[in-house]
Structure formats: C-alpha cells, structure tokens
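One structure is given below, encoded as structure tokens.
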Amino acid sequence: MESEELSAEGFGEESLLSCAFEAARDKKALDLVVLDLREMAAFTDYFIICSGSSAPQIHAISNEIEVRLKNVGKTPDHIEGYRQAQWILMDYSEFVVHIFSPERRSYYNLERLWRGAGRIDDSNPSATASPGSLSQTS
C-alpha cells in the first residue's frame, strides 16, 4: 500500500502529535514516520520516528519539538539520550518521539519491530491522513 503524509489539518484532535511532527519536519528530520500503535500497545498511541544526520541536527530536532509542545502546554514525561545524541527518546505519554542517528536507527529498526502498525510517512506530499485512516505500507 502507499504511504501517506501527515498534515496538521489531518490530525484534528491529535494536534500535539501534529505539532511534534511539524517541528521535526521543519528541522529537516530524515525519514520521518508516524506509527499508529493504538491496536498494538497499551503504553502509548503513536511513535514518531526520524533521523538526524549529525548530533547538532538531532539536538535541534529534539529542542524544536520540546519548545513547540511546551508553548502549547505539553511537557515530556521523560527524555533519554540527549547528551549522546545517538537515540533521543521523548515520552509524551500519548506518543513517543524517537530521534536517531542513521546507524542507531538501522540497528534498532523500530519500523520492523512494529511492522504491524499503521504508518504515515513524509514521502508522499500530495496525500493527507488522519490517525483513523492510517494505512499499512509494504
């Protein structure tokens, strides 16, 4: 199936998720993906997964997400890995943001581990989707 792009308009009540997605996109995150885990996991509803090409970019993505969400009243429950900038995990309860170096992303391959999840990625700019209409990609 074809991947779909996430847009702020398409997420409606999931505006915090959209805010984080757009912040990562604005900092030029690589291979930006949202996985819908609502049918698969009890600990969160979504993963946002992306990569940065360098430690400064990984930090910039994390910082931008944190600032934008803080501006709308949402702070992370927990952040891990910021100092090393190889895999930053930002836990916002309803969703978890994973920002990887390319090497760590390849090694941990969360998309493979959660391959049964619905998926939206940033590769199809003409499409929009809401969480309820996420499609599987192959």
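A few comments on the model shown:
- Subset of region 41-55 (residues that are surrounded by fewer than 13 Cβ atoms within 10 Å (Cβ to Cβ) and farther than 12 Å from residue 99 by Cα): 42, 43
- Residues located in region 64-84, provided they are of a type in the set (S, T, N, Q) and either more than 18 Å from residue 17 (Cβ to Cβ) or surrounded by 21 or more Cβ atoms within 10 Å (Cβ to Cβ) (or both): 84
- The numbered conditions (1) at pLDDT below 95; (2) in a strand (DSSP E or B) are all true for residue 88 except (1).
- Within region 95-123, the set of residues being in a loop (DSSP other than H, G, I, E, B) and surrounded by 14 or more Cβ atoms within 10 Å (Cβ to Cβ) comprises 101, 114, 117, 122, 123.
- Residues being within 13 Å of the chain's Cα centre (by Cα) and among the charged types (D, E, K, R) - total across region 65-101: 3
- The condition (being in a strand (DSSP E or B), at pLDDT 95 or above and over 17 Å from residue 119 (Cα atoms)) is satisfied by just one residue among 48, 79: 79.
The values are calculated or read from the model by the stated rules, or taken from the named source; none is laboratory data. Note that the structure is a prediction, hence the values are computed from the model and not measured. Glycine gets a Cβ as well: all are built from the backbone with ideal geometry, and neighbour counts include every protein chain shown.
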